[in-house]
Amino acid sequence: MLVRDFIRKRLGAYFAQAHEMVVGSVDRGGALTPSINFQTLMGRWHFQRVVSKLYEETKGQWLTPVELFRPHYSNILTDYIIEHAVKNVKNGVEKCKHLHIIELGAGRATHAYLVIERLRQKYPEVLPSLKYTIVEASLSLIELQQNILKPLLEDDINIKFIRRDLGMLENDENCYDEFLRCGDNDNDEQVVVFALEVFDNLPHDKVVRSHSKNDNGQESSVMQVELVRGEEPGDYNEYLCEMKDSLISRICGDIEHSPVYAPGRHTGDSRWVPSVACNFIRELYRSHPDALLFVADFDWLPSPDLTSESDYDAADFDYSDGAPLITDMSKRDYPSYRNAPECCDILFPTDFLTLSKYTRSLLRGSSQDVHVYKQGEFFQKFGGDELTLTKSFLPLTNYNPLIEEFENFSVMTTSKRKN
């Protein structure tokens, strides 16, 4: 079994739970009501204390930046895509393209709700032709999203829900046609894809560099890792085999002699490869060469909190580059995906530098640029007036959690190169 197929099944079990067990929420007056009164904060300690209290009030595992910084986070992203993707100045006349937003893994649909409301309030000319497509693997989350967005659906906003597991790759060619190539082939349509805390929960593959001797001396090759069942129930063992999966091979191969996701040059070097994320990006730009992609995610994760490491052997640990953080429903961490229970969150750090390099290789020769920012840097640059609403009232602190918190978050965005 390919490792990504194993990971996909485990993540499927995790997200198949009731939605309140997976995605956190702040039930304080609806999506348009700020979760926190930022201007009353007395500094970082105060923000962290407020967030801790919010976690005590919610059942879900995580509270995302979209939830914590609503509506400001989504407002800034909406302004950004209008400025960088929708507005088109030609012969001195500003024309707005028809906007088609595709949101992958929309969680509670808070971001979708806030984006549409921002368009309604600030860019009403965009709303009549707007298409908003949510791609979601979890049935319980789709039902929640439809309930949250019901007022907008009743206003005849064109919102479509597609149940699709991005990791289900029966055929890696054209596997996302149902939402990437749906609808009219409109030359005036601008596609924008939001992937907010999505790539960290997509299945990955694992590869290892192996050295062997032959008649010509020592030869280095990259091997793919597969899984076989062990003797004990729920026990799985890794084994190496020749690279035969076309998707892993393409991503780890040379793109114009520039190794992308291959592991290091030393024997035994291993790494996790975001094969599903890379495949999605490839298919996106095959379908929509001018699409704007906006990714926000963890770029670093802490080591697992293993209170009793003596319970594990050395072989139980995963020291590979990009290894995931595995946490069960009682918030207990595990040293490897192989020795964790079935229902766990499997969270991968996103390697933005390498992912942006891969994306640039796909866009070579196009008019698209790829940019990577730390999340705080992005908001500092593009936050505009929203930053005054997330800033502490104390002039001496100058504290703004939207810029200063979530230091292990980065943003990758593609946009049309400006002349």
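The values are calculated or read from the model by the stated rules, or taken from the named source; none is laboratory data. These numbers were taken from a predicted model, which means no experiment stands behind them. When we count neighbours, we look across all protein chains shown, and the Cβ atoms used for this are built from the backbone with ideal geometry, even at glycine.
What helices (runs of 4 or more DSSP H), lying completely within segment 338-419, carry at least 3 residues that are loosely packed, with under 14 Cβ neighbours inside 10 Å?
Helices (runs of 4 or more DSSP H) meeting the threshold: none at all.
Taking L141 as meeting all but one of (1) part of a helix (DSSP H, G or I); (2) farther than 18 Å from L202 by Cα; (3) touching a residue at least 60 places away in the same chain (Cβ under 8 Å); (4) touching a strand residue (DSSP E or B) at 6+ places or on another chain (Cβ under 8 Å), write down the number of the exception.
(2) is the only condition that L141 fails.
With respect to E20, determine if the residue is outside any loop (DSSP other than H, G, I, E, B) and at pLDDT below 80.
Against the criterion (outside any loop (DSSP other than H, G, I, E, B) and at pLDDT below 80), E20 qualifies.
What about G217, is it modelled with pLDDT under 75, at positive phi and in contact with a strand residue (DSSP E or B) (Cβ under 9 Å, 6 or more places away or on another chain)?
Against the criterion (modelled with pLDDT under 75, at positive phi and in contact with a strand residue (DSSP E or B) (Cβ under 9 Å, 6 or more places away or on another chain)), G217 does not qualify.
Take F199 and decide whether it is aromatic (F, W, Y), modelled with pLDDT of 65 or more and out of contact with any helix residue (DSSP H, G or I) (no Cβ under 7 Å at 6 or more places or on another chain).
no
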